[in-house]
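Quick notes on the structure that follows.
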Amino acid sequence: MQFNIPAATNPIDQLRVVGKPVDRIDGAAKTTGRAPYAYERHDVAPRAAVGVIVGSAIAKGRVRSMDLSDAQRAAGVITIITAASARKHFNLGKGKMNTARLLGGPQIDHYHQAVALVVAESFEQARAAAQLVRIQYDRKPGSFDLSKAKDSAVKPKDINGDPPDSAVGDFAKGFAAAPVQLDQTYTTPDQSHAMMEPHATTAMWTGDALTVWTSNQMINWGRGDLAKSLGIPKDKVRMVSPFIGGGFGGKLFVRADALLAALGARAARRPVKVSLQRALIFNNTTHRPATIQRVRIGATPDGKISAIGHESWSGDLPEGKADGAVQQTRMLYAADHRMTATRLAVLDLPEGNAMRAPGEATGHMALEIAMDEMAEKLALDPVEFRIRNDTQVVPDHAGQPAELPYSKRQLVECLRLGAERFGWNKRPARPAQVRDGRWLVGMGMASAYRGAPVTKSGARVRLDARGNITVETDMTDIGTGSYTIIAQTAAEMMGVPLQQVAVRLGDSNYPVSAGSGGQWGAASSTAGVYAACVKLREAVAAKLGVPVASATFANGQILADGRAVALGELAGAAGLVAEDSIEFGDLAKKNQLSTFGAHFVEVGVDAYTAEIRVRRMLAVCAAGRILNPKSARSQVIGAMTMGVGAALMEALAVDTRMGFFVNHDLAGYEVPVHADIPHQDVIFLDEVDAMSSPLKAKGVGELGLCGVGAAIANAIHNACGVRVRDYPITLDKLMDRMPPVA
């Protein structure tokens with residue numbers, strides 16, 4: 001199905017099932033332990049041996065020698081895989097999505113890069129033997145400090161597919177002429193996805209065909225990259241990932257567990273399962289890279305921005321990717337003179353790559369503090385300052401039509417409604433004015449922006465003799481609710497109760513979908529199911545001998561020409577099957593598809609200790625039709641929680657001498673716990689976007705993160721008068737700058 005014109009009225013608009021806050025259809029399986037995760041596939045891979053990965057002890061250099069003799073003699077050991085042994089049987093390559101090879105040796109690209117896999121009868125035996133592997137290295141000096149590498153950074157090829165630089169008007173002249181100016185630098189640290197389920201894979205060979213049960217967000221990408229890494233045809237690989245215990249972008253790409261499980265299973269001649277040790281994940285897999293950002297804003301005294309510039313520096317391995325921190329600055333606020341620039345330094349740290357809202361998450365953390373600082377300079381309310389600089393066309397139109405409109409942009413509505421509901425009018429403009437016992441109390445806010453891309457997505461829909469619908473697509477559910485919104489879509493289209501829809505996800509034997517990532521999954525995958533259901537409706541109508549346009553599907557029946565016939569009766573014993581994909585035309589080239597929001601936060605700062613406590617939070621989101629308000633709210637409050645972590649605690653500590661992340665476990669890498677999170681509220685504006693998809697929906701899971709960190713930083717400043725531009729905002733950055741205790 002081609003989606004080339006705005007969506008008209010269609011069966012989804014009945015909203016009998018879609019748009020309802022129904023419970024997750026996969027919830028019972030998860031809460032009772034019946035949902036099979038990658039490391040637990042005893043049902044399909046019995047007698048699986050266990051592999052434990054050995055990670056490199058250096059960040060850059062070469063393996064000089066590897067002594068496996070003691071490990072090979074250890075109890076229970078079946079085989080040991082190294083790059084040298086694997087190359088005897090496979091033409092090992094590197095996946096398109098991977099920056100470094102997943103199995104190192106002799107060259108080492110980063111700390112904890114996998115260099116060996118020990119396979120044994122039990123995990124304990126494999127772990128013990130792995131400690132007996134003796135490796136000698138030739139260490140080479142590396143670059144591990146972004147601040148020192150900043151001056152050598154170069155312009156990357158792109159940032160998330162967009163040009164790295166942009167320019168409109170004459171920023172230098174416009175900024176120099178501005179009566180009111182702001183020029184500040186902000187930093188964000190390296191961050192880890194820290195998902196609950198570790199990267200894990202169970203692998204089994206049947207002849208020359210490989211099946212991997214793994215934890216992966218993008219099945220088609222993963223299947224292709226695993227095949228390329230092994231040097232075998234893609235059609236010889238089946239990838240299965242029906243349940244994923246969190247990903248946040250860390251499982252977008254195949255990692256060492258999948259490759260080494262496959263190599264181990266071939267050598268052991270039996271199924272092998274591999275889970276990355278928690279202490280290995282932080283350095284072996286990807287992370288959100290640190291940034292240094294300079295933001296300059298010039299404005300007139302009445303609060304109109306005349307010039308805005310945003311420059312960002314990040315680092316990655318050779319041939320790696322830059323963080324796209326400047327992207328939201330191209331979209332949020334009007335200004336005649338504007339500039340963005342992105343530079344990428346070579347760092348020999350583990351691979352930097354996508355993490356929830358890549359680019360916008362870090363970019364908002366700088367831009368939205370800068371907007372707060374500029375409002376203060378202008379003696380304007382921060383909400384009003386943002387409203388005065390709203391625009392209904394893309395302001396940074398470099399390389400685009402000068403008047404590219406937004407398909408929907410309700411930023412002002414989000415700001416005004418949020419301010420009203422949060423009680424923003426009670427916020428004093430002057431900092432450190434509100435006390436609650438020993439706590440200094442303040443409010444802060446930030447705008448939120450995230451693109452709403454859509455991409456081709458397919459599905460297969462089956463109708464059986466009992467009138468039940470089964471949906472098959474390689475779409476994944478990383479805890480986001482994909483199972484449920486896909487079921488709601490099929491139920492709405494076919495006119496059956498939700499209980500009569502079964503959803504099968506995460507298998508490369510199913511039609512290729514959009515996958516989970518980039519905030520495109522929900523809108524794209526449900527549109528693919530919509531397309532398949534349109535074909536199934538046509539097949540049912542043809543069985544009845546009526547035009548589908550004159551038929552109504554409701555209560556498990558098709559109604560036409562005064563007849564009402566059960567769907568199962570028309571399907572018969574053989575059933576009916578339909579398959580299709582949604583393909584998006586050039587609507588997105590004529591309209592900017594985006595989501596908008598506003599975050600409001602209240603914090604308390606202990607006047608004596610500078611301890612920071614978030615007291616309450618509100619997010620107002622404009623993100624198209626909300627397919628399931630319950631799961632969408634869950635997505636947003638999860639993102640808000642992640643924003644608290646980014647603002648107050650999350651940071652990978654870099655050993656700039658040895659080149660690794662020191663706090664590489666969940667004891668040292670702090671994330672929010674229940675006690676850190678106060679009351680959270682989410683409001684969705686009533687919005688449908690006919691330009692986005694037949695369901696008129698957009699994604700929301702990443703919008704909920706964008707701006708949260710800055711809103712907290714701004715609230716801290718309002719509470720105690722201390723402005724921190726270096727994340728995370730820990731009490732040591734406040735202590736010596738706190739106002740005197742009365």
Can you confirm whether region 711-731 contains a residue that is out of contact with any Cys (no Cβ under 8 Å at 6 or more places or on another chain), exposed (fewer than 15 other Cβ atoms within 10 Å of the Cβ) and at pLDDT below 95? no
Does at least one position in region 452-474 carry a residue that is touching a strand residue (DSSP E or B) at 6+ places or on another chain (Cβ under 6 Å), within 24 Å of residue 621 (Cα to Cα), open to solvent by 10 Å² or more (accessible area, probe 1.4 Å) and not in a helix (DSSP H, G or I)? yes
Report yes if residue 507 is of a type in the set (Asp, Glu) and within 30 Å of residue 354 (Cβ to Cβ), otherwise no. yes
Candidate set: region 110-148, residues that are in a loop (DSSP other than H, G, I, E, B) and hydrophobic (A, V, I, L, M, F, W, C); chosen: the one farthest from residue 291 (Cα to Cα): 132
From the list 188, 206, 201, pick out the single residue that is open to solvent by 40 Å² or more (accessible area, probe 1.4 Å) and either more than 23 Å from residue 269 (Cα to Cα) or not hydrophobic (A, V, I, L, M, F, W, C) (or both). 206
Would you be able to say whether some residue in region 413-436 is open to solvent by 10 Å² or more (accessible area, probe 1.4 Å), small (Gly, Ala, Ser) and at pLDDT below 95? no
Which residue pairs have Cβ atoms closer than 7 Å, lie 6 or more positions apart in sequence or on different chains, and pair a first residue in region 535-563 that is without any contact (Cβ under 8 Å) to a residue 12 or more places away in the chain with a second residue that is open to solvent by 60 Å² or more (accessible area, probe 1.4 Å) and part of a helix (DSSP H, G or I)? 548/538
Can you tell me which of (1) under 28 Å from residue 79 (Cβ atoms); (2) of a type outside the set (S, T, N, Q); (3) modelled with pLDDT under 95 is the one residue 162 doesn't meet? (1)
Please work out if residue 705 is touching a strand residue (DSSP E or B) at 6+ places or on another chain (Cβ under 7 Å) and either over 21 Å from residue 618 (Cβ atoms) or at pLDDT 95 or above (or both). no
Being within 30 Å of residue 403 (Cβ to Cβ), modelled with pLDDT of 95 or more and small (Gly, Ala, Ser) narrows it down to one of 315, 324, 231, 246, so name that one. 324
Residues (assigned to a helix (DSSP H, G or I), among the hydrophobic types (A, V, I, L, M, F, W, C) and under 24 Å from residue 524 (Cα atoms)) located in region 194-231: 219, 221
Does residue 598 count as surrounded by fewer than 16 Cβ atoms within 10 Å (Cβ to Cβ) and either among the aliphatic types (A, V, I, L, M) or free of Cβ contacts under 8 Å to residues at least 60 places away in the same chain (or both)? no
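Quick one: would you say residue 652 is over 20 Å from residue 414 (Cβ atoms), under 19 Å from the mean Cα position of the chain (by Cα) and touching a residue at least 24 places away in the same chain (Cβ under 8 Å)?
Working: over 20 Å from residue 414 (Cβ atoms): yes; under 19 Å from the mean Cα position of the chain (by Cα): yes; touching a residue at least 24 places away in the same chain (Cβ under 8 Å): yes.
Spelling it out, residue 652 is indeed over 20 Å from residue 414 (Cβ atoms), under 19 Å from the mean Cα position of the chain (by Cα) and touching a residue at least 24 places away in the same chain (Cβ under 8 Å).
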Any hit, region 633-642, residues being outside any helix (DSSP H, G or I), buried (at least 19 other Cβ atoms within 10 Å of the Cβ) and touching a residue at least 24 places away in the same chain (Cβ under 8 Å): no
Does residue 51 satisfy the condition of being closer than 22 Å to residue 525 by Cα, small (Gly, Ala, Ser) and in contact with a Lys or Arg (Cβ under 8 Å, 6 or more places away or on another chain)? no
Consider region 579-628. How many of its residues are outside any strand (DSSP E or B) and modelled with pLDDT of 95 or more? 10
Can residue 368 be described as assigned to a helix (DSSP H, G or I), surrounded by 21 or more Cβ atoms within 10 Å (Cβ to Cβ), in contact (Cβ under 8 Å) with a residue 60 or more places away in the chain and among the acidic types (Asp, Glu)? yes
Restricting attention to region 193-235, which residues are of a type in the set (A, V, I, L, M) and in contact with a Leu (Cβ under 6 Å, 6 or more places away or on another chain)? 218
Sort out for me the strands (runs of 3 or more DSSP E) sitting completely within region 254-317 that have 1 or more residues that are of a type in the set (A, V, I, L, M, F, W, C) and more than 22 Å from residue 237 (Cβ to Cβ). 291-299, 305-316
Just wondering, is there one or more residues in region 335-355 that are touching a helix residue (DSSP H, G or I) at 6+ places or on another chain (Cβ under 6 Å) and within 21 Å of residue 702 (Cα to Cα)? no
Among the residues of region 226-234, is there at least one that is crowded, with 24+ Cβ neighbours inside 10 Å and within 19 Å of residue 505 (Cβ to Cβ)? yes
Can you run down the residue pairs with Cβ atoms below 7 Å, 6 or more apart or on separate chains, where the first is in region 447-469 and within 30 Å of residue 372 (Cβ to Cβ) and the partner is modelled with pLDDT of 95 or more and acidic (Asp, Glu)? 447/368; 449/360; 450/360; 450/702
Only one of 343, 388 is closer than 30 Å to residue 61 by Cβ and surrounded by fewer than 24 Cβ atoms within 10 Å (Cβ to Cβ). Can you tell me which? 343
Taking residue 248, is it open to solvent by 10 Å² or more (accessible area, probe 1.4 Å), out of contact with any Asp or Glu (no Cβ under 6 Å at 6 or more places or on another chain), aromatic (Phe, Trp, Tyr) and more than 24 Å from residue 472 (Cβ to Cβ)? yes
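The values are calculated or read from the model by the stated rules, or taken from the named source; none is laboratory data. Computed from a predicted model, the values in this text were never measured in an experiment. Quick reminder, even Gly has a Cβ in these numbers, built from the backbone with ideal geometry, and neighbours come from all protein chains shown. Please note that ligands, DNA and RNA were not included when accessible areas were found on the heavy atoms of the full protein model with its side chains. Shrake-Rupley method; radii C 1.70, N 1.55, O 1.52, S 1.80 Å.
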